[in-house]
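These notes concern the structure reproduced below.
The values are calculated or read from the model by the stated rules, or taken from the named source; none is laboratory data. Just so it is clear, the structure is predicted and the values come from calculations on it, not from any experiment. With ideal geometry, Cβ positions are generated from the backbone for all residues, glycine too; neighbour counts draw on all protein chains shown. Ligands, DNA and RNA are excluded from the accessible area calculation, which covers all protein heavy atoms including side chains. Shrake-Rupley method; radii C 1.70, N 1.55, O 1.52, S 1.80 Å.
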Amino acid sequence: MGQAQSDVSDVNQSNQEEAPVRNDSSPTSLEDLIAEATAFGDDENEVSARNKVSLDAKAQKALECPCVAELRSGPCGTQFSQAFVCFIKSTAEEKGSDCVHPFVALQNCIKANPNAFSKDVLDEDESKKEEEHTEEYKIIPPTWAKEQKSKL
Amino acid sequence: MGDSTTICRDVPLLLSSFVDAFVDFSFSGFFLPQKSDSNSPKQNPNQTLTPPPPPELQTRYPSPDRLVAIGDLHGDLNKSKQALKLAGLIDGSDRWIGGNTTVVQIGDVLDRGDDELKIVYFLEKLKHEASKCGGLIITMNGNHEIMNIDGDFRYVTPSSLDEFRAWANWYCIGNSMKNLCSGLDKKQRDLFEGIPRVFPGIRKEFHEGFRARIAALRPSGPISGRFLSGNPTVLVIGDSVFVHGGLLKNHVEYGLERINEEVRDWIKGLKGRFSPRFVRGRDSVVWLRRFSEELARDCDCSALEHVLATIPGAKRMIMGHTIQEVGINGVCDNRAIRIDVGMSKGCGNGLPEVLEIEGDRNQNSSELRVLTSNPVYLTRKYNNPTMKTPEQKEGLGFLIPEHQPKQLEVKS
């Protein structure tokens, strides 16, 4: 993976003193951990328990990555962080389906703050471009949607 | 240090699937498996220059032990669930309990009702549940899917526009969340790219709704591309041919696989804006009524006979599209089975009925039965095309009440 993501690797992680991360001989990528945690059932054995602790730590670390820096700020930053961490740690078959509560919290926050994640200015010239492009998008409307023509 | 680098390398992809799951959940209430799930093979999120070839679209299937065919649903989620319950496919909490049953939905999920996307998402959820049990749900393209992808919105309801607006709202929030991640260096395509803001001649209050509908359903739109492009337009399962309108000889000559692939490619946006010719017009595969006219004498049985003869193993054609007020029925010696009962409250508000086919591979026979919610009949059962009985009435398969001591074993 990842030859294109050089910008990410340049960033140095500020809080290295965080939770201990086990370095087994095995690879430590998040995806591998999730895959392992998923493969072993909850009650399996120490290995899976250890993985869970480890996954927890990794999920916390993921929050420090530049990709999510902006998402964590703003009115719904907290709700985002909780939902995202839950999702990362989710070992459910439909990933995230054990995260209903944090998802609903994020959803409610966005409903209350519709612009929580929108980049304010950026879209303006986009929309102008759009209107120039108003191509041949012809639709056939239902009769109820047509403007009434005044009969004289 | 190296460790956090490893973690951050994965985060853009994880964020992307998180956002997808969140958008699905916020709109539909369901958690659907995401394309970029961690249990799928790893891929670089930026490696999108050469998209993988679309998955093969299967046109022919062997006969399953049990098959249930469901007619036009037209935006009525309640009736859709009733139909599924009738066949014992979902339980009280709408989970799949159909085991290894194969389900064919004959198309026309869209239009005439307010819950179109809810049905689309619900069926998607069920598809995953079914596949875990060895079952299979196949949704097909009807003329209303084709029309909507084409921008023909004549049969849209006002409230359906609200549903599309709600969907578009969550979808755009998801896009802006992804755009905040610097690691996903490709900016999300604007949902409304190229779509006008105003539609002359159309009342203003609906403009936004139509924009959302176009965005979702146009070729390669997020809804059409994700949920409709995998729909076959023609299917052969065991000895039954499934098609929304009907097949003529020239369609078979054109090639069933070719029809499916060309429709798929068009919906994926690889063939321009307008639908292929064979899905447009009264003689097209999704519009034809030649074998589904309610009056048996209006059906062209000899044409049907010829068409079926050109499809190896085919004994009957199963169609939707034309509302059968009498319920599911067969004509032309039951070589034409018509399963659109007009169940949607947006057209007909008929009682849900589904067709059940049980196959017996050893005896090379299949048994057709109608499962109905009509209290007049518990089940209605068809005789076999090759076994004519005096009771057989014109235009209708004959009915055998449930309490009949012996069911007809049909050899076909």
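Of note:
- Once the Cβ-Cβ distance of B:LEU270 and B:ASN250 is raised to the sixth power relative to R0 = 22 Å, the FRET efficiency obtained is 0.40.
- Net charge of Cβ neighbours under 10 Å - reference B:PRO219; Lys, Arg +1; Asp, Glu -1: +2
- Distant-in-sequence amide H partners of B:ILE138 (H built 1.01 Å from N, under 5 Å): B:VAL103, B:VAL104, B:GLN105
- If the chain linking B:SER365 and B:CYS133 were pulled fully straight, counting 0.36 nm for each residue of separation and taking away their Cα-Cα distance, it would gain 81.0 nm.
- Relative to its residue count, the range A:48-119 spans a Cα convex hull of 86 Å³ per residue.
- For the range A:48-119, a crude dipole built from +1 on the beta carbon of Lys and Arg and -1 on the beta carbon of Asp and Glu, taken about the Cα centre, is about 140 debye to the nearest 20.
- For the range A:48-119, the solvent-accessible area of protein heavy atoms averages 41 Å² per residue (probe radius 1.4 Å; ligands and nucleic acids excluded).
- Dimensions (Å) - the range B:125-166, Cα atoms, principal axes, largest first: 38, 24, 12
- Each residue of the range B:18-27 was assigned a 3J(HN,Hα) from its phi angle through the Karplus curve 6.51 cos²θ - 1.76 cosθ + 1.60 (θ = phi - 60°); the sequence is 4, 5, 4, 5, 5, 5, 4, 5, 5, 7 Hz, with glycine and proline shown as x.
- Residue-by-residue Karplus 3J(HN,Hα) for the range B:203-212, coefficients 6.51, -1.76, 1.60, Hz, glycine and proline x: 4, 3, 5, 9, 4, 5, x, 5, 4, 5
- Taking the protein heavy atoms of the range A:48-119 in the context of the full set of protein chains, the accessible area attributed to carbon and sulfur is 50 percent at 1.4 Å.
- Table column - 3J(HN,Hα) (Hz), the range A:70-84, Karplus curve with 6.51, -1.76, 1.60, x for Gly and Pro: 6, 5, 6, 8, x, x, 10, x, 5, 4, 4, 4, 5, 5, 5
- Members of A:LYS95/B:LYS127; A:LYS58/A:LYS119; B:LYS249/B:LYS315; A:LYS111/B:LYS127; B:LYS125/B:LYS178 lying beyond 19 Å, as alpha-carbon distances in this model show: A:LYS58/A:LYS119; A:LYS111/B:LYS127; B:LYS125/B:LYS178
- For the range B:145-248, alpha-carbon Rg and Dmax in angstrom: 17.1, 54
- The range B:63-119 - percent relative contact order, Cα under 8 Å, separation 6 or more: 52
- Amide H to amide H distances under 5 Å link B:LYS268 with B:SER220, where only residues 5 or more positions off or on other chains count and H is placed in the peptide plane.
- Where A meets B: accessible area buried, both sides, 1.4 Å probe, Å²: 6400
- Under 5 Å, built H, 5+ apart or other chain: amide partners of B:ILE202: A:GLU147
- Local charge for B:SER93 was computed over the other residues whose Cβ lies under 14 Å away, with Lys and Arg +1 and Asp and Glu -1, and equals +1.
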